[in-house]
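For reference, the structure I am asking about is given below.
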Amino acid sequence: MLSTNVAAQSQESQARCQVTGPLVISAYTAFLREAGQKKPSAAAEQAQNVASLLALYDGLGCPVAALQNAIECLTTKLIEASSSSQPVTTSDAETCMQEAGMPVR
């Protein structure tokens, strides 16, 4: 009975990570967009949103190191995109998450 509860809890936790991880990535890209448009109040609001989601992600026991790697990958792609005409896409974000070992739906 105990192992069944642990397995169910683990599946529930993983499901929460699968939902929360993309939210963090989305909030991070929104923060960068607002900062790039030099909108300090909007960027500050997005930074707080990122911080709150990061705290939630960590509190759920999700793989924070993997999230950091995904953010680094995405940041690199955004920097590369800024010097080209190719925008960063949702597919790019998902690729970064997969490469970092994050659960992706």
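What follows is calculated from the coordinates using simple rules that are stated; it is not laboratory data. Model, not experiment: these values are computed from the prediction. Here the Cβ positions follow ideal geometry from the backbone for every residue, glycine too, while neighbour counts run over all protein chains shown.
Determine the gain in length on full extension of the stretch Ala65-Ser41; use 0.36 nm per residue of separation and subtract their C-alpha separation, reporting nm with one decimal.
Numbers: separation 24, 0.36 × 24 = 8.64 nm, distance 2.88 nm.
Computed gain between Ala65 and Ser41 is 5.8 nm.
Moving to a separate point now. With the dipole of the stretch 2-99 worked out from charges on the C-beta (+1 for Lys and Arg, -1 for Asp and Glu) around the Cα centre, which of Pro63, Gln18, Thr90 lies farthest toward the positive end?
The Cα lying farthest towards the positive end belongs to Thr90.
Quote the charge dipole size of the stretch 2-99 about the Cα centre in Debye, to the nearest 20; the model charges only the Cβ of Lys and Arg (+1) and of Asp and Glu (-1).
On the way: 5 positive and 9 negative charges, 48 e Å.
The dipole magnitude comes to about 240 debye.
Sum up the charges of everything whose Cβ sits under 11 Å from the Cβ of Ile25, counting Lys and Arg as +1 and Asp and Glu as -1, but leave Ile25 out. Intermediate values should be presented prior to the final figure.
Values: positive: none; negative: Asp92, Glu94.
The answer is -2.
Cα atoms only, the stretch 2-99: Rg and Dmax in Å?
My reading of the Cα-based Rg and Dmax gives 15.4, 54 Å.
Let me ask you something else. Given a cut-off of under 8 Å on Cα pairs at least six residues apart, what relative contact order in percent is computed for the stretch 2-99? Let's see the in-between values first.
Details: 61 pairs, mean separation 24.7, N = 98.
Relative contact order of the stretch 2-99: 25 percent.
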